[in-house]
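Below is one structure, written out as structure tokens; comments come after it.
The values are calculated or read from the model by the stated rules, or taken from the named source; none is laboratory data. The structure presented is a predicted model; accordingly, all values stated were derived computationally and were not measured. Here the Cβ is made from the backbone with ideal geometry for all residues, glycine too, and neighbour counts use every protein chain on show. SASA here: full protein model, heavy atoms, side chains in, ligands and nucleic acids out. Shrake-Rupley method; radii C 1.70, N 1.55, O 1.52, S 1.80 Å.
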Amino acid sequence: MAVRQVLRMGHPTLLKVAQPVAKFNTATLDRLIEDMFDTMAEQGGVGLAAPQIGVSLRIIIFGFECSERYPDAVPIPMTVLINPAIEFLDAEQQADWEGCLSVPDLRGVVSRYTRIRFRGVDQFGDVIERTVKDFHARVVQHEVDHLDGILYPQKIEDMTRFGFIDELGLGKKAD
Ligand code: NI
């Protein structure tokens, strides 16, 4: 178990398209996922993608019971999702504030699809399929973007709605 360093925006690994995982149920994969959970917990995040700790593989984790970073959010079960695919269930999108452990202290407004179905496998290779909406859907879209080398600031349409948390008056909790 180890807390790993989270790469910040500007590091080239965050811009790479990550590779699919081919082998499941291995000690290496288990240890990587443990490190991801340790790192996410230490940072108080609600999601983390493997490239954020320098591993360019299509693995994301997400979930929380209650979040200091997002105090109004409905809980999401702790999930390991590998080689994920997302289907947008309709055209509706919602614009809302978003943050990222790789972009500390900042928030920006990003549009995300409201309703999605996602599919992937867990660390044992067992299929996970879930239909979700709102914040849960937002978190999954954000994390899957990391696997394609996309950080949320690249998706901000109105740059006047991007800034430091303290200055935006969104709350006192820092990243
Ligand atoms: Ni992020």
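Name every residue in the range 1-16 that is over 17 Å from Tyr152 (Cβ atoms) and either part of a loop (DSSP other than H, G, I, E, B) or within 16 Å of the chain's Cα centre (by Cα) (or both), in order of residue number.
Matches in the range 1-16: Met1, Ala2, Val3, Arg4, Gln5.
Can you tell me how many residues in the range 44-74 are out of contact with any Lys or Arg (no Cβ under 9 Å at 6 or more places or on another chain), touching a residue at least 40 places away in the same chain (Cβ under 8 Å) and open to solvent by 50 Å² or more (accessible area, probe 1.4 Å)?
The total comes to 1.
Of the numbered conditions (1) within 15 Å of the ligand (Cβ to nearest atom); (2) open to solvent by less than 10 Å² (accessible area, probe 1.4 Å); (3) out of contact with any Lys or Arg (no Cβ under 8 Å at 6 or more places or on another chain), Ile33 fails exactly one; give the number of that condition.
That leaves (1) as the condition not met.
What number of residues within the range 93-110 satisfy the criterion of being open to solvent by less than 30 Å² (accessible area, probe 1.4 Å) and assigned to a strand (DSSP E or B)?
Counting residues in the range 93-110 that are open to solvent by less than 30 Å² (accessible area, probe 1.4 Å) and assigned to a strand (DSSP E or B) gives 6.
Hey, among the residues in the range 111-127 that are open to solvent by 30 Å² or more (accessible area, probe 1.4 Å), in contact (Cβ under 8 Å) with a residue 24 or more places away in the chain and part of a strand (DSSP E or B), which one's farthest from Val21 (Cα to Cα)?
Ser111
A quick yes/no check of all residues on (1) of a type outside the set (Ser, Thr, Tyr); (2) away from the ligand (no atom under 15 Å from the Cβ); (3) not in a helix (DSSP H, G or I):
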{"residue": "Arg130", "(1), (2), (3)": "yes, yes, yes"}
{"residue": "Val140", "(1), (2), (3)": "yes, no, no"}
{"residue": "Asp145", "(1), (2), (3)": "yes, no, no"}
{"residue": "Ile150", "(1), (2), (3)": "yes, no, yes"}
{"residue": "Gln154", "(1), (2), (3)": "yes, no, no"}
{"residue": "Thr160", "(1), (2), (3)": "no, yes, no"}
{"residue": "Gly163", "(1), (2), (3)": "yes, yes, yes"}
{"residue": "Asp166", "(1), (2), (3)": "yes, yes, no"}
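Would you mind finding the one in Gln43, Gln5 that is on the phi < 0 side of the Ramachandran plot and touching an Asp or Glu at 6+ places or on another chain (Cβ under 9 Å)?
When all the criteria are applied, what remains is Gln43.
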